[in-house]
Amino acid sequence: MSFAMPVNDQSAYAAANMVPEGRIVLFDPLAAFEGITGAVNLGLFPEDAVVAPSSEVTREVIRAVNPEGGPSIVVDERVTETTITYEIPVLTPSEQVRSLHNGAPAVALTDPTLAGVSVTPFSPGASILGRMVVIAKRPGTDANRLFRVFWHPRVALQSNGQGESQGEQTLLFTATVRAHTYEPGPAFDDVATQITQYGAIFTVPASQLPDLLAALDAEAAA
């Protein structure tokens, strides 16, 4: 194959390629939360929401003297800073999601007259450290259709206020992916070098999604 015959020449213009992916976001806080004992499904998102990683990369250009004379030439670029974030508006927040939106674990009061009341510190800018999985699903019934799974071993989840969509209230989150190096489990031994400090993107047949999620359960849990 060459530029004269791209490998996707027969499928590049197919209308079927426009099928939108769904999004499921699962967040597993590392610190114990009252009422949260594992990963939390953040729920449904507004139809115009774009739940995808946004990267801001700062580069330092390395220049050299042009051997032919004239202006300096660019030899390379060195990445000096990377910021990866998700903006997540939640349309159907469960009680667990509302707890996460408070920004910190709740503590139950012990005074008998205030039984059932809990308190969370009001701390703007605070974030909750955890693991996050974002599943990009394609519609259909074919067990071999491919999904994408974004795996991030460390994410700081932060409340970003409230919004509105279609006349309904939304809870807004910002998820910042943090660098974290860990030793991948046995299931990922042969691809350990493909998992960076920010995570990895897995491509998985629909029928094997539960198996992949089960394998990720034990990853970077400590």
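The values are calculated or read from the model by the stated rules, or taken from the named source; none is laboratory data. Just so it is clear, the model here is predicted, and its values are computed rather than measured. Quick reminder, even Gly has a Cβ in these numbers, built from the backbone with ideal geometry, and neighbours come from all protein chains shown. Protein only, heavy atoms only, side chains kept; ligands, DNA and RNA dropped before computing areas. Shrake-Rupley method; radii C 1.70, N 1.55, O 1.52, S 1.80 Å.
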Query - Alpha-carbon centroid distance for the pair region 40-106 / region 1-38, whole angstrom - result: 16
Query raised in the report: Given that just one value was derived from the coordinates, which of (i) 7, 28, 34, 21, 6, 2, 1, 0, 0; (ii) 7, 24, 22, 14, 16, 12, 4, 0; (iii) 7, 24, 29, 22, 12, 5, 1, 0, 0 is P(r) over Cα pairs in 10 Å bins from 0, in percent?
Result: (iii)
Query raised in the report: Leaving out ligands, DNA and RNA but keeping every protein chain, what accessible area does Thr80 have, in Å² rounded to the nearest 10, with a 1.4 Å probe?
Result: 80
Query - Rounded if a/c under 1.5, otherwise prolate or oblate - region 1-89, Cα gyration tensor axes - result: oblate
Report task. With label points built 7 Å along Cα→Cβ from the Cα atoms of Asn41 and Thr58, find their separation and express it in nm. Result -> 4.0
Report summary line: Share of accessible surface on carbon and sulfur in the chain, whole %, 1.4 Å probe and ligands ignored, is 53
Query raised in the report: Considering amide H positions built from the backbone, and no H for Pro or chain starts, which residues 5 or more places from Ser118, or on another chain, come under 5 Å of its amide H?
Result: Leu109
Query - Two-site FRET efficiency, Val119 against Ser94, from Cβ-Cβ distance with R₀ of 30 Å, rounded to 0.05 - result: 0.90
**Report entry** Square roots of five times the Cα gyration tensor eigenvalues for region 104-171, Å
**Finding:** 35, 17, 15
Query raised in the report: Taking chymotrypsin sites (Phe, Trp or Tyr not before Pro) as exposed when DSSP calls them loop (any state but H, G, I, E, B) and at most 16 other Cβ atoms lie within 10 Å, what is the longest stretch of the chain free of them, the sites themselves excluded?
Result: 14-121
**Report entry** Spherically averaged projected area in nm², based on the convex hull that wraps the Cα atoms of region 137-222
**Finding:** 7.6
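Given a Förster radius of 35 Å and the C-beta distance between His180 and Glu34 as r, what FRET efficiency does 1/(1 + (r/R0)^6) yield to the nearest 0.05?
That pair, His180 with Glu34, gives E of 0.85.
Skip the ligands, DNA and RNA, and give the accessible area per residue of region 133-210 with a 1.4 Å probe, whole Å². Please report the intermediate quantities before stating the final value.
On the way: 4180 Å² over 78 residues.
Dividing the accessible area of region 133-210 by its residue count gives 54 Å².
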Query raised in the report: Could you work out the helix-only [θ] at 222 nm for the chain, with each DSSP H run of four or more residues adding -39,500 (n - 2.57) and the total divided by the number of residues, to the nearest 500 deg cm²/dmol?
Result: -2000 deg cm²/dmol
Report task. Quickly work out the Asn66-to-Asn8 label distance, labels modelled 7 Å from Cα along the C-beta direction, and quote it in nm with one decimal. Result -> 3.7
